[in-house]
1. First compute the accessible area of segment 115-200 with a 1.4 Å probe, then give the percent of it belonging to carbon and sulfur atoms.
2. Not counting ligands, DNA or RNA, and with a 1.4 Å probe, what is ARG119's accessible surface area in Å² rounded to the nearest 10?
3. Can you count the Lys pairs in segment 219-359 with C-alpha separation below 16 Å, eight or more apart or on different chains?
4. Using a cut-off of 14 Å between beta-carbons, work out the net charge of the residues near ALA89 (Lys and Arg +1, Asp and Glu -1, ALA89 not included).
5. Residue by residue, what Karplus-based ³J(HN,Hα) values in Hz, rounded to whole numbers, does segment 206-215 have, using 6.51, -1.76 and 1.60 with θ = phi - 60° and x for Gly and Pro?
Amino acid sequence: MRRGTDRISELDDTVLTQILSHRTTKEAAQSQALSKRWKNVWVSVPVLDFDFADYWSKDMLDIREHTTFIDSRFECHENFVRIIDDALASRQGQQVDRFRLVWKYQVKDFDHLGHPVRRWILLILEKRPRVLSIYVQPSVCEVNVPDQAFICPSLEELKLHVDNRYPEVLRPAAVNLPNLRVLNLGYYTIEADGMNKLLLGCPNLAELELFACALNFSEISCSNLKSLVIFGCCHSAEIRVSIPSLQYMQVSVTSYQPVGFVLENMTSLTKACVFFLTAEYMDKEFSHSDSKILNGLSGTTNLDIILHGKDAKDMLKHALKNFPSFENLKALHFESFGFALSDCIRQLDRLVRHSPLLQDLTFYRCKDESDEDELLEELTAVVTDHGNCRLSESTQGHTYGSLKELDDLLLEGMKRAEKKKMQEISSEEEEEEEEEEEEEEDDVGEEDVEGGEAEWDDKEEEAEDNEGEAGWEEQEGDENARLGRRRG
C-alpha cells in the first residue's frame with residue numbers, strides 16, 4: 001500500500017509557525033516528534049503559552065474546605081520554572097508577540113532567589129510583546145510585578161492577576177501605555193492616585209476589568225472606555241462611575257459591602273450584568289446602602305441579573321425599592337443559585353412590569369431547586385400582561401467560573417473587607433487619641449455637636465425607611481392580589 005504524502009510538513013515555515021501559535025507551548029514543543037521537518041519550527045513561534053496544570057497530575061492535588069494546593073515538595077514546581085527558562089533562552093534575539101502564564105497553586109517559596117515570574121516579565125518586556133497575560137494564584141511569596149510593565153509602548157493587552165501573600169498596592173512610578181486597549185487587574189490594592197495614573201496613561205483603553213481588588217478611590221471617570229467589569233472587589237467608599245462612552249458594564253454587589261456604586265451619564269450603555277452575591281458562611285445581614293445600582297442602568301437595552309446565595313433575593317428586593325423604570329429594556333436574563341427561582345417571582349414580576357418594551361425574558365435555574373411545572377406556570381403568569389414578551393429557558397448559567405470558585409472568592413473578599421475595616425477603625429482611633437491629647441476641651445465640645453447632628457440624621461433616616469417600607473408593602477399587596485387573580 002502506498003504511503004500518503006505529508007502535505008502539512010511541505011508548507012512554508014511561516015505557515016507552520018502560524019499553526020503552532022494557536023497551541024500551547026507544550027503542544028508546540030511536542031510537534032518535534034512528528035518529523036525532522038518540525039524539529040526546530042516551534043522555536044520560531046512568537047507565542048509562549050504556559051499553564052502549570054499541563055505539568056502536574058491530578059493525584060498531586062490536596063483539596064480541603066476553601067483550599068486547594070499542591071505540596072511544595074513535588075518537583076513539578078522546579079520543572080515548570082526550568083521549562084519556561086529554557087523556552088525563553090531558545091528565543092534569544094527573537095520577538096515574542098504574546099506571553100501567557102497560568103500558575104495556579106504556586107506554593108514554592110522563591111523569596112531567597114527572587115520570584116521567577118518577575119524575572120520572566122522583565123525578559124518578555126524586552127521582546128516588545130503585544131499581549132502579556134500573567135495569572136498566579138495563590139502565591140506564597142511576593143512576585144512584585146516590575147514597573148516596566150506599565151511603560152511598555154508595544155502592549156495592547158495587559159492582564160496581571162497576582163495573588164501575593166500580602167496584597168500588592170498598585171503604585172507604578174509612571175504609566176505610559178499608548179497602545180493599550182485591554183487592561184485586566186486582579187488582587188491589587190488600588191489607590192486613587194494609581195487609578196488616575198492608569199486612566200491618564202492609557203489614552204486608547206477600551207476595556208477595563210478589576211477582579212478581587214481592594215478599591216480605595218471614589219470615582220471612575222473617563223471619556224473613551226467601552227467596557228467595564230468590577231467583580232469581587234471590596235471598597236469602603238461609595239464609587240461613582242461616570243463614563244458616557246461605556247457600552248457594557250458588569251458589576252458585583254456583595255452582602256458584606258457597606259457601600260455600593262452610583263452610575264451617572266451612562267448614555268451609551270446597551271448591555272449590563274449585575275451579580276447580587278451572598279454566601280452561606282456570611283452570618284451578617286446584607287447592607288442596604290447599595291440601592292441605586294439598578295437606577296443607574298435604566299437606559300440599557302439588555303440586562304442580566306444573577307442572584308447567588310440565600311439573601312440575594314432580599315438584596316434585589318431592596319434595589320427595587322426605588323422603583324427603577326427600564327424604558328429601553330428589550331432583553332432580560334435572570335438566574336439564581338443557592339435557592340429556588342420561584343422564591344423571587346415577585347421581584348421578577350416587578351422588573352417585567354417596569355420594562356414596557358421588553359421582548360425576551362430568559363431564565364436559568366439550578367437543577368433540583370425548583371418544581372418545573374410550578375415554576376413555568378408562575379413565569380408564564382409574569383409575562384401574561386406582556387403580549388410581545390417571549391419566555392425561554394437557558395441551558396447554561398454564567399456565574400463566574402464555578403460555584404466553588406465563586407464561594408472561595410466571596411470568602412477571600414469578606415476577609416479583605418473585614419481586615420480593611422479593622423485597619424480604618426484602628427487608624428481613626430489613633431487620630432482621635434492624638435486630637436484628644438492636643439485639644440481635650442475643644443474635642444469635648446465638638447463631640448457634643450456631632451452627637452446632636454447624628455441623632456437628627458438617625459431620625460430622618462428612620463422616617464425615610466418607614467416611608468419606603470410602607471410603599472413597598474402597599475405595592476406587594478397589590479402584586480399578591482394581581483398574581484392571585486392570574487393563578488385563579
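The values are calculated or read from the model by the stated rules, or taken from the named source; none is laboratory data. Treat the numbers as computed from the prediction; the structure is a model and nothing was measured. Backbone-built Cβ (ideal geometry, glycine too); neighbour counts: all protein chains shown. Calculation scope for accessible area: heavy atoms of the full protein, side chains included, ligands and nucleic acids excluded. Shrake-Rupley method; radii C 1.70, N 1.55, O 1.52, S 1.80 Å.
1. Ligands and nucleic acids excluded, carbon and sulfur give 49 percent.
2. 100 Å²
3. Taking the Cα cut-off of 16 Å, the pair count is 8.
4. Computed value for this residue: +1.
5. 10, 10, 10, 10, 10, 10, 6, 9, 9, 9
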